[in-house]
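Trainee: There's a structure below that I have some questions on.
The values are calculated or read from the model by the stated rules, or taken from the named source; none is laboratory data. None of these values were measured; they are calculated from a predicted model. Cβ placement follows ideal geometry from the backbone for every residue including glycine, while neighbour counts extend to all protein chains displayed. For accessibility, only protein heavy atoms count, side chains too; no ligands or nucleic acids. Shrake-Rupley method; radii C 1.70, N 1.55, O 1.52, S 1.80 Å.
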Amino acid sequence: MRLLTKTDRTESFVFLLASLVFYICLVIFYINIGQDMGPVNYFAYLLPTIISLYLIQYLTHTSLFSGKFLAHAIPGLAWCITFPLLYSWTYNSTWYISLIRVDFLFGTGLFILLAALQTVFLQTRISAKIIAALFAVFDILCLFIPLLEIGYYLIYQHCLTPATMMALYLTNPRESVDFLQSNVGGLKIVLVLVGICLVLYAMYKINYRLALKIKTSVFGRKKKIILYLFTIFTAAYSFFFLFPQTSIINNWEEVSTYVHQTQKYSLNYTERFDDMKLSSATTLAQKAPGTVIMVIGESASRNYMKTYTPSFAYDDTPWLEQRRQDPDFVVFNNVYSSWVQTVPVLQRALTEQSQYNDKQFYNSLSVIDVAKKAGYDTYWFSNQGRYGQYDSAITLIAKTANHAKWTDDSYVFTDQVDGALLDFLPEIDPTKNNFVVLHLMGSHIYYNNRYPADFEKWKNDDSTSTEPAYANSILYTDYILSQIYDYAKKNLHLQAMVYYSDHGEDVNISHNPDVFKFDMVRIPMFVYLSKEYQQTYPVQTNTLQHNQNQFFTNDLIYDTICGILNAPSNHYDAGQDFSSPQYRFNLQNLTTMLGQKELTEDPYLPKQ
């Protein structure tokens, strides 16, 4: 048995010392950002981590702090550091230690694994240059999630959360392009891509140096066995045990769980629908036959609408302003959204679920179900993208309509402006009772993509200003609403029309729960009631008129539609119905952001 030489002993000591220093530095980093890294939290992992760090140095004959490891160390350290650091900067508080230590361990394991795998590949006849290039690509891919987190933080000064990851989960290619155009810009994207290419080349050069060093090392049978077993163990432990527990993946799992729960909506749907007990004898469809239309807007904030904010520089709501003088319309002045993203908002607006009850989406009935039971032929026409990672809650509801169509029935975000929805209106049978939902693209970013050229009434004098383009999009929505109303009144015996936006918008930062502002939840809403409706249902009419200045959140739309259709059932709450004298909400007990914010916190409200 060969004794260790003095050189071997010195090298082993250096490797152990480097391992210990690496571990201590990470512990100090976590303590420095406010984490409770007491002995009970780090001591149990000290020995296995030190042994793993020592082994990778022993197998490669390369010191941990050698520049040859840098290409693999960067993604490993990025996983160790990025989320806890951004979280602490965002909230000025500590992330739960039992979770944060997994980031510590996974990042370290990733670094070790990349180096070990490269060493394994170098035992083959593949050239060192090809292996170096391959692992440079691996290094860049392993950096993708940390870089995504960093990029998001640079835009919003906020770490990624489940709420914002929800939008990412349900997004589609065109919406991603719009987001990048709006928040990053073409030049910055090009610079980022150039930077990635430069980093990729640098990582290739570093990996090639490591490859040449490993190629000169002698790997006997025992050493190879140690290498292969160590690599297999590190890969299995890192990716099957640690990776699913990392902070960012935990957040992603929360989103995934929500989406999979949403898919349960279609299960037992028939049983839920049959459970609704509703007498159709006194519904609007029987007493005053005709059509009811619900128009869902997108990203419309009343802070940027002239009829709501007279000081706004752009006269972007001329038709809606005229409707304020029409006794058949009620334009509500104090309506808010329940959240700032489309899917969470509309899954509540369209179903029994609200901020104020314990209903689950997948156990709830929808406005489409109520309309069917009340005697209507139901339509869903949408200018929003149909597909995401999975069908969203909105699409699941839409599919229950008797007729459902999308202007762009593909896997991309539509390029079409909302005028395309007008082409669907002639498909509605004017001889029937119809309940029609029209889902607009409205003022979703990119604002200047949301209206045709002849609606570009205001141009940007300042290239950094988005207000003119946003005002143009609101002006176009105002026009679309007028066209829907005119056609339906002339051709479809329109009895009622309801319009509200899913959420609002801050024209500088769009709509994002991580950088919440009340602009993002202050939304428009109006109701039109025909003369025949008003005579048939004076209670609902008078109540809605009386509530013009009362406070309301759009997760109560479901019960309000039940009231307007005069279709109460065992799935109806009169206290959540804006058209009912039993409506129980006011400024003091209403909330937004799913209960996280009280409406009394709105800085735009008059000072009491």
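Trainee: With the requirement that a residue be open to solvent by less than 70 Å² (accessible area, probe 1.4 Å), touching a residue at least 12 places away in the same chain (Cβ under 8 Å) and out of contact with any Pro (no Cβ under 6 Å at 6 or more places or on another chain), what does segment 247-260 give you?
Mentor: Residues satisfying the conditions are S247, I248, N250, S256, Y258, V259.
Trainee: Another one. Collect the residues in segment 131-173 that are of a type in the set (V, I, T) and at pLDDT below 90, keeping them in residue-number order.
Mentor: Matches in segment 131-173: I155, T161, T164, T171.
Trainee: Are any of the residues in segment 184-193 surrounded by 15 or more Cβ atoms within 10 Å (Cβ to Cβ), touching a helix residue (DSSP H, G or I) at 6+ places or on another chain (Cβ under 8 Å) and modelled with pLDDT under 85?
Mentor: Yes; the residues of segment 184-193 include at least one that is surrounded by 15 or more Cβ atoms within 10 Å (Cβ to Cβ), touching a helix residue (DSSP H, G or I) at 6+ places or on another chain (Cβ under 8 Å) and modelled with pLDDT under 85.
Trainee: Next question. Give just the number: which of (1) farther than 19 Å from A398 by Cα; (2) touching a His at 6+ places or on another chain (Cβ under 8 Å); (3) at pLDDT 95 or above; (4) not in a loop (DSSP other than H, G, I, E, B) does P289 not satisfy?
Mentor: Only one criterion in (1) farther than 19 Å from A398 by Cα; (2) touching a His at 6+ places or on another chain (Cβ under 8 Å); (3) at pLDDT 95 or above; (4) not in a loop (DSSP other than H, G, I, E, B) is unmet by P289, namely (4).
Trainee: Does T90 fit the bill of being modelled with pLDDT under 90, among the polar types (S, T, N, Q) and closer than 30 Å to L160 by Cα?
Mentor: It is true that T90 is modelled with pLDDT under 90, among the polar types (S, T, N, Q) and closer than 30 Å to L160 by Cα.
Trainee: Let me ask something else about it. Given the structure, is Y362 part of a helix (DSSP H, G or I), farther than 23 Å from A285 by Cβ and at pLDDT below 95?
Mentor: yes
Trainee: Right, here's the next one. Considering every residue within segment 262-281, establish whether at least one is hydrophobic (A, V, I, L, M, F, W, C), assigned to a helix (DSSP H, G or I) and under 24 Å from the mean Cα position of the chain (by Cα).
Mentor: No, segment 262-281 contains no residue that is hydrophobic (A, V, I, L, M, F, W, C), assigned to a helix (DSSP H, G or I) and under 24 Å from the mean Cα position of the chain (by Cα).
Trainee: Does any residue in segment 426-447 that is more than 30 Å from M520 (Cβ to Cβ) come within less than 8 Å, Cβ to Cβ, of a residue that is in a helix (DSSP H, G or I) and open to solvent by less than 10 Å² (accessible area, probe 1.4 Å) six or more places away or on a different chain, and which pairs are these?
Mentor: That search, which allows pairs on different chains as well, returns N433/A285.
Trainee: Right, something else. Hey, does segment 559-576 have a residue that's more than 21 Å from K287 (Cβ to Cβ) and of a type in the set (F, W, Y)?
Mentor: No: segment 559-576 contains no residue that is more than 21 Å from K287 (Cβ to Cβ) and of a type in the set (F, W, Y).
Trainee: Going through segment 115-158 one residue at a time, which ones are of a type in the set (A, V, I, L, M, F, W, C), within 24 Å of C80 (Cα to Cα), assigned to a helix (DSSP H, G or I) and open to solvent by less than 20 Å² (accessible area, probe 1.4 Å)?
Mentor: Scanning segment 115-158 gives A115, A116, A132, F135, A136.
Trainee: Same structure again: I need the full set of residues from segment 451-473 which are part of a loop (DSSP other than H, G, I, E, B) and open to solvent by less than 10 Å² (accessible area, probe 1.4 Å), in order please.
Mentor: none
Trainee: Could you tell me which numbered condition Q483 fails, if it satisfies all but one of (1) among the polar types (S, T, N, Q); (2) open to solvent by 10 Å² or more (accessible area, probe 1.4 Å); (3) closer than 30 Å to K597 by Cα?
Mentor: Only one criterion in (1) among the polar types (S, T, N, Q); (2) open to solvent by 10 Å² or more (accessible area, probe 1.4 Å); (3) closer than 30 Å to K597 by Cα is unmet by Q483, namely (3).
Trainee: Looking at the structure I just gave you, is V367 of a type in the set (V, I, T) and farther than 17 Å from G563 by Cβ?
Mentor: When the stated conditions are applied, V367 does not pass them.
Trainee: Considering only segment 464-474, I want to know if a residue exists there that is on the phi > 0 side of the Ramachandran plot, out of contact with any Pro (no Cβ under 7 Å at 6 or more places or on another chain) and in contact (Cβ under 8 Å) with a residue 12 or more places away in the chain.
Mentor: no
Trainee: Residue check: is Y533 touching a strand residue (DSSP E or B) at 6+ places or on another chain (Cβ under 9 Å), closer than 26 Å to K277 by Cβ and among the hydroxyl-bearing types (S, T, Y)?
Mentor: So Y533 passes the test.
Trainee: Restricting to segment 425-460, name every residue that is among the β-branched types (V, I, T) and at pLDDT 95 or above.
Mentor: Across segment 425-460, the qualifying residues are I428, T431, V436, V437.
Trainee: Another question, if that's okay. From the set of residues in segment 274-301 that are open to solvent by 10 Å² or more (accessible area, probe 1.4 Å) and of a type outside the set (G, A, S), which is nearest to Y485 (Cα to Cα)?
Mentor: P289
Trainee: Between a residue in segment 358-386 that is on the phi > 0 side of the Ramachandran plot and any residue that is surrounded by 21 or more Cβ atoms within 10 Å (Cβ to Cβ), which pairs come within a Cβ distance under 8 Å, given they are 6 or more apart or on different chains?
Mentor: G375/T283; G375/A285; G375/N433
Trainee: Tell me, yes or no, whether segment 103-111 has at least one residue that is under 27 Å from the mean Cα position of the chain (by Cα), of a type in the set (D, E, K, R) and surrounded by 23 or more Cβ atoms within 10 Å (Cβ to Cβ).
Mentor: Scanning segment 103-111, I find at least one residue that is under 27 Å from the mean Cα position of the chain (by Cα), of a type in the set (D, E, K, R) and surrounded by 23 or more Cβ atoms within 10 Å (Cβ to Cβ), so the answer is yes.
Trainee: Quick check on Y208: is it within 37 Å of the chain's Cα centre (by Cα) and either in contact (Cβ under 8 Å) with a residue 24 or more places away in the chain or surrounded by fewer than 17 Cβ atoms within 10 Å (Cβ to Cβ) (or both)?
Mentor: Criteria not met by Y208.
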